[in-house]
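Undergrad: This is the structure, below, for whatever I ask next.
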Amino acid sequence: MTLDLHDDVVSLTRALCDIPSVSGAEAAIADAVEGALRKLGHLEVLRDGDAVVARTQLGRDRRIVLAGHLDTVPIKDNLPTWTTGEGDAELLYGRGTCDMKAGLATQLRIAATVTEPRHDLTFVCYDNEEVASVKNGLGRLVRNHPDWLAGDFAILGEPSNAGVEGGCQGTMRVRITLKGRASHSARAWAGVNAIHAAAPVLAILTAYEPRRVVVDGLEYREGLNAVNVQGGIAGNVIPDECVIDINHRFAPDRSMDDAYAHLQEVFAGYELELRDKAPGARPGLDQPAAAEFVAVVGREPAAKFGWTDVARFAELGIPAVNYAPGDPLLAHTDNEHVPVAQIRECERVLTAWLS
Ligand SMILES: [Zn+2]
């Protein structure tokens with residue numbers, strides 16, 4: 001499989017989609033991207049597993065990182081790609097079109113066409129983003145080759161409707177286990193019902209008013225929700241245990257410690273078991289490179305709802321935003337598609353900013 005990065009950006013998007021690349025099976029697309037980048041000649045190229053990194057070394061005073069994942073969620077009869085409509089209404093359909101081969105194509109086009117960029121550029125194409133975070137190729141690159149991820153500002157090609165989506169929310173999952181005493185349900189007075197003991201916890205969740213908070217100019221909406229409840233073993237037994245899993249999505253002005261302290265306050269008197277956590281990232285739009293980029297994009301920036309790898313860049317001290325064609329709400333749907341006009345717009349904006 002070969003890719004030609006001098007192809008038109010829409011053809012390149014289709015070519016990237018049509019190389020099946022479900023998480024864990026990115027070798028073919030990584031080979032194709034590596035081969036195409038090496039052919040360009042003006043970039044240093046690194047291969048690590050199924051991640052490929054390429055960079056200019058022009059001694060510019062600022063370095064911009066353009067990053068995107070190579071993998072997709074599983075295919076659902078939605079490849080090879082197809083199009084509908086014409087002109088401004090043309091849509092490109094298929095697995096990966098929105099999340100995120102179109103974004104990847106715009107970045108790879110810059111690699112091929114902007115050979116004398118005004119900032120040094122690093123292109124990071126990585127594997128295993130759509131699966132458990134321990135497998136994430138960007139995380140592995142941070143561990144194996146931190147020097148290759150240096151930069152002053154990063155653009156992640158996750159779909160953002162061709163606008164800048166800044167920062168990302170943090171996420172934390174905690175478990176509350178309520179204890180009771182089992183008995184026969186015909187003699188319930190001999191037991192203590194653990195499911196009934198969940199009622200006050202659910203009441204706290206129902207009454208909870210999530211914050212809306214402005215961080216660096218963008219409004220974030222938090223959330224606190226029960227996402228799973230388990231309890232009971234049979235139709236005639238008073239349950240002696242009920243387990244509630246709670247997910248907190250928090251704005252990036254809270255650290256993970258802040259978020260946990262907040263949950264301890266909200267659920268005072270209950271023991272919390274921390275199951276999973278990932279930090280948020282401030283949008284960092286006050287940074288000069290970010291502010292300059294937002295001005296070139298010319299659309300109102302928005303907060304990112306959800307967790308993306310911009311948080312990994314934030315941990316490295318690199319402000320990062322999501323910027324790419326496609327509606328994030330369509331990511332992972334069978335109906336995944338991207339407006340062709342947005343692909344072209346993003347390529348135009350990146351070219352104008354980096355040339
Ligand atoms: Zn994605």
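Undergrad: Toward the positive end of the charge dipole of the chain, about the Cα centre and with charges on Cβ (Lys, Arg +1; Asp, Glu -1), which of 284, 28, 189 goes farthest?
TA: Most positive-ward Cα: 189.
Undergrad: Trypsin sites (Lys or Arg not before Pro) within segment 247-305: which are DSSP loop residues with at most 15 other Cβ atoms inside 10 Å?
TA: Here the sparse-neighbourhood loop sites are 299.
Undergrad: A further question follows. Quick one: of the DSSP bridges fully inside the chain, what percent are antiparallel, nearest 5?
TA: DSSP beta bridges in the chain are roughly 75 percent antiparallel.
Undergrad: Another one. In segment 20-55, which residues have a backbone nitrogen under 19 Å from the label point lying 7 Å from residue 75's Cα in the Cα-to-Cβ direction?
TA: Residues 20-33 qualify, since their backbone N sits under 19 Å from the label point.
Undergrad: For segment 116-181 and segment 228-262, write down the distance between their C-alpha centroids in whole Å.
TA: Comparing the Cα centres of segment 116-181 and segment 228-262, I get a distance of 26 Å.
Undergrad: Measure off 7 Å from each Cα along the Cα-to-Cβ vector at residue 175 and residue 11, then give the distance between these two points in nanometres to one decimal.
TA: Between residue 175 and residue 11, the label points sit 5.4 nm apart.
Undergrad: Okay, next question. Could you check what % of the DSSP bridge pairs in segment 58-186 are antiparallel, to the nearest 5?
TA: 20
Undergrad: Continuing with the same structure: Tell me, what does the Kirkwood hydrodynamic radius of the chain come to in angstroms if you use every pair of distinct C-alpha atoms?
TA: 21.9
Undergrad: Take the Cα of residue 199, step 7 Å along the line toward its Cβ, and report every residue of segment 218-239 whose backbone nitrogen sits under 18 Å from that point.
TA: 230-232, 238-239
Undergrad: Further question: To the nearest 10 degrees, how steeply does helix 102-113 sit against the main Cα axis of the chain, on a 0 to 90 scale?
TA: Helix 102-113 sits at roughly 30 degrees to that axis.
Undergrad: Would you calculate the separation in nanometres between label points at residue 208 and residue 305, each defined as 7 Å from the Cα along the Cα-to-beta-carbon direction?
TA: Placing both labels 7 Å along Cα→Cβ, they lie 1.6 nm apart.
Undergrad: Could you give the dipole magnitude of segment 1-68 about its Cα centre, charging the beta-carbon of Lys and Arg +1 and that of Asp and Glu -1, in debye to the nearest 20?
TA: Roughly 360 debye for segment 1-68.
Undergrad: Quick one: order 69, 6, 262, 248 by neighbouring beta-carbon count within 10 Å, fewest to most.
TA: 6, 262, 248, 69
Undergrad: Still on this structure, please answer the following. What percent does the relative contact order of segment 100-224 come to when contacts are Cα pairs within less than 8 Å and at least six residues apart?
TA: 14
Undergrad: Which of 170, 53, 43 sits closest to the plus end of the dipole of the chain, meaning its Cα is farthest towards the positive end, when Lys and Arg get +1 and Asp and Glu get -1 on the C-beta?
TA: 170
Undergrad: Extension gain residue 143-residue 2, at 0.36 nm per residue separation less the Cα-Cα distance, in nm?
TA: 47.8 nm
Undergrad: Treat the count of other C-beta atoms within 10 Å as a stand-in for reagent exposure and order 141, 108 from fewest to most.
TA: Least to most surrounded, the residues fall as 141, 108.
Undergrad: Debye sum, Cα scatterers, segment 291-355, no solvent: what log₁₀ I/I(0) at q = 0.17 1/Å?
TA: Listed by q, the Debye log ratios stand at -0.77.
Undergrad: What FRET efficiency would be calculated for the residue pair residue 115, residue 22, taking the C-beta separation as r and a Förster radius of 35 Å, to the nearest 0.05?
TA: E between residue 115 and residue 22, to the nearest 0.05, is 0.60.
Every number in this text was worked out from the coordinates using simple rules, so none of it is lab data. Computed from a predicted model, the values in this text were never measured in an experiment. When we count neighbours, we look across all protein chains shown, and the Cβ atoms used for this are built from the backbone with ideal geometry, even at glycine.
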